[in-house]
Amino acid sequence: MKNLQSEESKRRIYKEINQNIEIKIQNFDILTNHYQMTKTNTHKGRIGLLLSAAPGYSETFFRSKIKGLKESGFDLVLFCSENQHGFKDCPVVLLPQQAKNKLILGIKLVWVYLGLLPYVKTLRRFVKLERTDGKAWLPILKRLYTHAPVFKQDLDCLHFGFGTLALGCENMAAAIQADMAVSFRGFDIGVYPIKHPQCYSSLWDKVSKIHVISDDIKQLLYTHGFRDQAPVFKITPAIDTHYFSTEQGHVGLEHPIQLITVARLHWKKGLEYTLEALALLKQQGIAFEYRIIGSGPEKEALKFACYQLGLQAQVFFLGKLGPEEVKQHLEQAQYYIQYSVQEGFCNAVLEAQAMGLLCVVSDAEGLAENVLDGKTGWVVTKGQPKNLKNKLLEMISLPTNDKAKMIAFSQNRVKHVFNLKKQNKLFEIFYMNHI
């Protein structure tokens, strides 16, 4: 009788969740249809996107965003310091770099400043705004040099891809008479302001609109001084749900159990906590193999941790792999772990869910929004290896039918809520808000 009641309770929960998702999708479609009715087929605006480097092959967020905006009628230009991967999806303008040789630096300074002479009105506006804020001449001149190409552009919106990139550039958009947009994704609002208190205090009154990738990231804005000076748009990451999909099941009784993580080998990813939890799992007599895809500065430390914990035979470091190889490894795994200390949202978790893996994540920032605890996966308080071990045991011992239901719901949710088409439409609305 209890089992029947439990099954009925689960069906009721799944039904309510599906209804909530459908309502959100319908509301989004209504908003999109209204937007489509009011827009024109003319040029929608020129967007300048500022990043530290042009997107690499695996950085699908910016690539898909730029592609979608271009298809929607926007002109885009990308400003960055380097373009190592030959990004060509939109015009790329490289920012001037400082030279170590003083003579070469002097020549470059003269050349860049001479190139700014036709834009004297823009320069005057920038200098006046900077001086009003109490800036000294040296940082003003440095900014004119390092971001000279931006001052030459006729833009409707200047978008800083990460909050830290806007520091010191708060008056740049106003100088070129454009809207100023800033994205906050994780480290830039979750960690950087802790080391640099009040770093965004001058930004809040100057930004035109803010993009965040999760509700937790939005809340962190208020923690660090934001008081609704500008509209905030939540647009979550999205994935290619056609590419990351599979008919292959992952709920069988494979032995040993196959676990996987796709992450940069960085302290933020909490991989040492994951290894500690797996060492406890091994002590329980559970046979498993754990593959980590990614590279980073903590590789040596993590390998040593494996040695200390006696996990050399269970843990495999595969390094950085291409999308096709990543997909192949996801197809061969059963469970995905993302026990991060700090995480904006994490596309890899979306990809794992779309591929039919059961996911266990920490409660760091957007992960608790990425995975719905007990419904599409499990969320564990970060930094507690024993709790993670217990949750892994619970996940592994879950009846096959329950696993299959959770996987089906998880895949359906990713497909409808975190797809690229929806993300692109939301960015259209984001940019058209003021343009």
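The values are calculated or read from the model by the stated rules, or taken from the named source; none is laboratory data. The shown structure was predicted, so the numbers you read here are calculated from the model rather than taken from an experiment. With ideal geometry, Cβ positions are generated from the backbone for all residues, glycine too; neighbour counts draw on all protein chains shown.
Things worth noting here:
- Pair list, Cβ under 6 Å, 6 or more apart: region 337-352 residue closer than 13 Å to T274 by Cβ and at pLDDT 90 or above, other residue of a type in the set (K, R) and in a loop (DSSP other than H, G, I, E, B): V341/K382
- Top-ranked residue of region 396-421 - restricted to ones that are within 17 Å of A354 (Cα to Cα) and touching a strand residue (DSSP E or B) at 6+ places or on another chain (Cβ under 8 Å), ranked as surrounded by the fewest Cβ atoms within 10 Å (Cβ to Cβ): N419
- Hey, L388 of a type in the set (A, V, I, L, M, F, W, C), part of a helix (DSSP H, G or I) and modelled with pLDDT of 95 or more or not: yes
- Of the residues making up region 149-169, those that are in a helix (DSSP H, G or I), surrounded by fewer than 19 Cβ atoms within 10 Å (Cβ to Cβ) and touching a residue at least 40 places away in the same chain (Cβ under 8 Å) are P149, L165.
- All conditions but one from (1) touching a Leu at 6+ places or on another chain (Cβ under 9 Å); (2) free of Cβ contacts under 8 Å to residues at least 60 places away in the same chain apply to D363; the one that does not is (1).
- Residue within region 319-327 that is touching a Lys or Arg at 6+ places or on another chain (Cβ under 6 Å) and either crowded, with 17+ Cβ neighbours inside 10 Å or farther than 23 Å from Q219 by Cβ (or both) present: no
- Within region 369-395, if we keep just the residues that are hydrophobic (A, V, I, L, M, F, W, C) and buried (at least 19 other Cβ atoms within 10 Å of the Cβ), the residue that is nearest to Q284 (Cα to Cα) turns out to be L392.
- Of all residues in region 292-335, those being part of a loop (DSSP other than H, G, I, E, B) and either in contact with a Ser or Thr (Cβ under 8 Å, 6 or more places away or on another chain) or under 26 Å from I239 (Cα atoms) (or both) number 7.
- Unique residue being of a type outside the set (K, R), modelled with pLDDT of 90 or more, under 13 Å from Y335 (Cα atoms) and not in a loop (DSSP other than H, G, I, E, B) when the list is E289, E276: E289
- For region 120-148, residues that are at positive phi and buried (at least 18 other Cβ atoms within 10 Å of the Cβ) total 0.
- Answer from I194, I176, I189 - the residue that is surrounded by fewer than 19 Cβ atoms within 10 Å (Cβ to Cβ) and of a type in the set (A, V, I, L, M): I194
- Residue pairs meeting the criteria (Cβ under 7 Å; at least 6 apart or on separate chains; first assigned by TED's automatic domain parsing to the domain that holds S81 and under 11 Å from Y145 (Cβ atoms), in region 99-112; second at pLDDT below 80 and among the polar types (S, T, N, Q)): L105/Q98
- Qualifying residue in region 117-124 (condition: over 26 Å from G163 (Cβ atoms) and modelled with pLDDT under 90): no
- When residues of region 237-264 are limited to those that are small (G, A, S) and at pLDDT below 75, the one surrounded by the most Cβ atoms within 10 Å (Cβ to Cβ): G249
- Single unsatisfied condition, C359 versus (1) part of a strand (DSSP E or B); (2) farther than 20 Å from L280 by Cβ: (2)
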